[in-house]
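Take a look at the structure below.
The values are calculated or read from the model by the stated rules, or taken from the named source; none is laboratory data. As the structure is a prediction and not an experimental result, all values here were calculated from the model. A quick note on method: Cβ atoms are made from the backbone with ideal geometry, for glycine too, and the neighbour counts reach across all protein chains shown. These accessible areas exclude ligands, DNA and RNA; they are computed on the full protein's heavy atoms, side chains included. Shrake-Rupley method; radii C 1.70, N 1.55, O 1.52, S 1.80 Å.
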Amino acid sequence: MAGVADAAAAPGSGGEGRQDSSRGEPKTLWGSSEPRPPAAGPGQPSPQQRTETLGFYESDRGRKKKRSLSDLSLLRFISAELTRGYFLEHNEAKYTERRERVYTCMRIPKELEKLMFFGIFLCLDAFLYVFTLLPLRVFLAMFRFITLPCYGLRDRRLLQPAQVCDMLKGVILVICYFMMHYVDYSMMYHLIRGQSVIKLYIIYNMLEVADRLISSFGQDILDALYWTATEPKERKRAHIGVIPHFFMAVFYVFLHAILIMVQATTLNVAFNSHNKSLLTIMMSNNFVEIKGSVFKKFEKNNLFQMSNSDIKERFTNYVLLLIVCLRNMEQFSWNPDHFWVLFPDVCMVVASEIAVDIVKHAFITKFNDITADVYSEYRASLAFDLVSSRQKNAYTDYSDSVSRRMGFIPLPLAVLLIRVVTSSIKVQGVLAYVCVVLFYCGLISLKVLNSIVLLGKSCQYVKEAKMEEKLFNPVVTATPGKPAGKQQGTFKSSQGISTDENGSTLVTNQPVHQKENMPSLLVTSNSDQFLTTPDGEEKDISQDSSELKHRSAKKDLLEIDRFTICGNRID
């Protein structure tokens, strides 16, 4: 039987040997100890083109002989692990994107602090305006009102709208200042100091929330007062009157000033505590803010709101720290050595605020694929407000524009600071009054210098962002809640001036849409468009794109203030 098998195998082996020799392949390719694979038929892969699977070859599945022990050795597996290679260029786009994210996170601190630095000086300019130029403007308005009979009534208005607003601000400031004298700061301090640490921590968090809510409603109260007092009298009476609005504004400013005083007192108690536990807990509250912000979906407009809120919060904290230092220095008879005792705690609070802002913005931009260049757009939008308030057709004061954009209202904070300064510093003698006058002149000089520098930088930022066309050719926006086709006034869109039904002129510089041939003034993306349709309708955007263009409101950064609710945010 063996001979028959050998005889039967001999022709096949000889034939295969001749076929291999004709192809130029060695005869020893297949060992005699293993059966030779069948020849590849038509449409089948050759033995040299076998596909590799998890450790086996498809053509080897028919093998009946097991692998040798050397193929399954541990040393061979370790050698394969040590010499195994891979090529990153096979997924170049992925790794390039990861590298750009790292570079973006590295750029965030610089770009964010540039925005914060510019925004803080904007808040400082609006804050100094209350102490320096506002009293002078009120004096000029009163002088005009007193001397008006000498010149005759050349105009229907006794005072210009801006002068009326200045008079109202001055009167509110004076009334709230005298009302603050009935609030005992020392009693409030000892009342708060007697509370437990946990209770004070809860109180401080509640005060922060209340401050944001009151600020959002307070600016509306002030705007309603200004418009009610300056609205043309030919209009049909559609308001409750100037006096009720005035009392509402006084009550708001007084209530907000007390709220900020409680915040400052709580911070003062934290500074004066022996173990600094309350101060540590209050600082850790900033890091809790990271948890509440980072893991949410943010669009560019949402991030703009958060940046404005951070600017306002940081500037307010600086003023609160100033109030705490003044109160403590007064208690220690203005001993300079005590200031250096407070200085490390002040630096610690400021450093924690800066660190939290940097970490928060870095991870928000990372998780939402927002570039660091967006902060330059935010800076240009803030600069646009400053430049537009200097135009002849300006429709608001710059301090009010900052209040709407950032949620920073300077009147309550100014009332509290005046109350603390006048109670901490005693002015007696002629020399003391001379020092007060010199200090006031110094504040005016600082205000003027700050305004000049800010105006120059703002013009530079507006030019870099190519926003001059919006500045000189503003487009009129439709009244909120009414379709554009139902506006009763006639519009002069080329000049950005709208005339209502009674002939009064309204000026605005916030465009709703641009012409097709107009170049894009800001870098936009798909995330900049916020649809006002419900979630169910968003699924049919591709089908109803033409109809959705009329129903959707594309919010430009110039239309976003601190309290505008933007869509596409996950709470």
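Brief remarks on what is shown
- Simple spin-label estimate for Ile444 and Glu89 in nanometres, 7 Å along Cα-Cβ: 7.1
- Label-to-label distance, nm, for residues given as Asp223 and Gln331 (7 Å Cα→Cβ offset): 4.1
- Restricting region 163-269 to trypsin sites (Lys or Arg not before Pro) in coil, as DSSP defines it, with at most 16 other Cβ within 10 Å: Lys233, Arg235, Lys236, Arg237
- Rounded percent of accessible protein surface that carbon and sulfur make up, region 250-350, 1.4 Å probe: 71
- Using a Förster distance of 22 Å, the FRET efficiency for Ser186-Leu207 (Cβ separation, nearest 0.05): 0.70
- Net length available on complete extension from Val102 to Glu231 is 41.1 nm, with 0.36 nm assigned per residue and the Cα-Cα distance removed.
- Sparse packing (at most 15 other Cβ atoms within 10 Å of the Cβ) combined with a DSSP loop state is found for the following chymotrypsin sites (Phe, Trp or Tyr not before Pro) in region 286-336: Phe295, Phe332, Trp334.
- With a Förster radius of 30 Å applied to the beta-carbon distance between Phe367 and Leu455, the computed FRET efficiency rounds to 0.25.
- Phe117 paired with Lys297, simple spin-label distance in nm, labels 7 Å along Cα-to-beta-carbon: 3.6
- Take region 161-298 with all the other protein chains still there, run a 1.4 Å probe, and you get 51 Å² of accessible area per residue.
- Using the 1.4 Å probe convention, the accessible area of region 308-391 works out to 38 Å² per residue with neighbouring protein chains retained.
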